[in-house]
Amino acid sequence: MNDLRALQKKLLEVMIIFHKICQENDIKYYMLGGTQLGAVRHKGFIPWDDDIDVGIPREDYEKFIKISSENLPNGIELAHYKKDKKFPYGFTKLYDTKTTLVEENNTKEGIIRGIYIDVFPLDGIGNTYKEAHKNFQKIDFLRRVLYYNVAKIKTKNPIKKLANICFRFLNTYKIISKINNKAEKY
C-alpha cells in the first residue's frame, strides 16, 4: 500500500476497533502527539502523518491488554512484550494482520507485521520534582539501553557504536521489564 491516504484509512479502521473495545470496557484513553494535533487542527490526520498514537493510564492499559488478548476480532492482533518475548517495544501495538508493513528502520532484525496503532501506557513519575527527575533519569537510561539493544545503528560516532556493541547482547525482555516495573510504581 503506497498511498498515504489508503494507509490512513486502514489505520482508522484499526482505531475504530480500538475505540470500541475501550468504550465497551470503560477504558479511558487519549490521543497523543501528531494524532492529537491532527484531530484538533485538521479534524482527522495531519496530511503527512502515517501513524496513530494513543495512551492509556496504566491501570486501564493493563485491563486493555487483558481484554484485547482474549476478545479481538479476526484479523486484529495485539503485540506486547509480555505476550511475545522477542517483541522489542515496551508498549503495545494493535495490528491489522490482513496487511503487511515492514518496520525496517527501527530494529536490527526488522519487524514484518501489519499496519498498526501504537498504544502507550501512561504512568506517573514521582510526587516531587526531585523524585520525578531521579526516576526520569533512571527510566531514560534504560530506554537508551533498549534503543542500543534493538535499533539499527548507522553512525560514525565511536561512543554510539560502542554502546550498540555493548548493549546488543542484553536480554531485550529484561530491559523492557525493568523499564515497565520502574514506571508502574508511579
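The values are calculated or read from the model by the stated rules, or taken from the named source; none is laboratory data. Not measured: the values here are computed from a predicted model. Backbone-built Cβ (ideal geometry, glycine too); neighbour counts: all protein chains shown. To get the accessible areas, we keep the full protein, side chains included, count just its heavy atoms, and leave off ligands, DNA and RNA. Shrake-Rupley method; radii C 1.70, N 1.55, O 1.52, S 1.80 Å.
Summary of computed values
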item	result
Residues of region 32-84 classified as surrounded by 12 or more Cβ atoms within 10 Å (Cβ to Cβ) and either β-branched (Val, Ile, Thr) or touching a residue at least 60 places away in the same chain (Cβ under 8 Å) (or both), total	16
Filter result for THR92 (within 19 Å of TYR173 (Cα to Cα) and of a type in the set (S, T, N, Q))	yes
Exclusive hit being more than 16 Å from ASP60 (Cα to Cα) and out of contact with any Lys or Arg (no Cβ under 7 Å at 6 or more places or on another chain), set GLN36, GLN23	GLN36
Residues of region 16-33 satisfying the condition of being in contact with a strand residue (DSSP E or B) (Cβ under 7 Å, 6 or more places away or on another chain) and either assigned to a helix (DSSP H, G or I) or more than 20 Å from LYS83 (Cβ to Cβ) (or both)	ILE17, PHE18, LYS28, TYR30, MET31, LEU32, GLY33
Pairs where the first residue, in region 171-186, is open to solvent by less than 90 Å² (accessible area, probe 1.4 Å) and among the hydroxyl-bearing types (Ser, Thr, Tyr) and the second is modelled with pLDDT under 90 and not in a loop (DSSP other than H, G, I, E, B), C-beta under 9 Å, 6+ apart	THR172/LEU146; THR172/ASN149; THR172/VAL150
Output for region 8-31, where each listed residue is under 21 Å from GLY114 (Cα atoms) and open to solvent by 30 Å² or more (accessible area, probe 1.4 Å)	LYS9, LYS10, LEU12, GLU13, ILE16, ILE17, HIS19, LYS20, MET31
Qualifying residues in region 108-144 (those that are at pLDDT below 90 and in a strand (DSSP E or B)) - the one nearest to ASP51 (Cα to Cα)	GLY114
Filtered residues of region 48-72 (kept if in a helix (DSSP H, G or I) and not β-branched (Val, Ile, Thr))	ARG58, GLU59, ASP60, TYR61, GLU62, LYS63, PHE64, LYS66, SER68, SER69, GLU70, ASN71
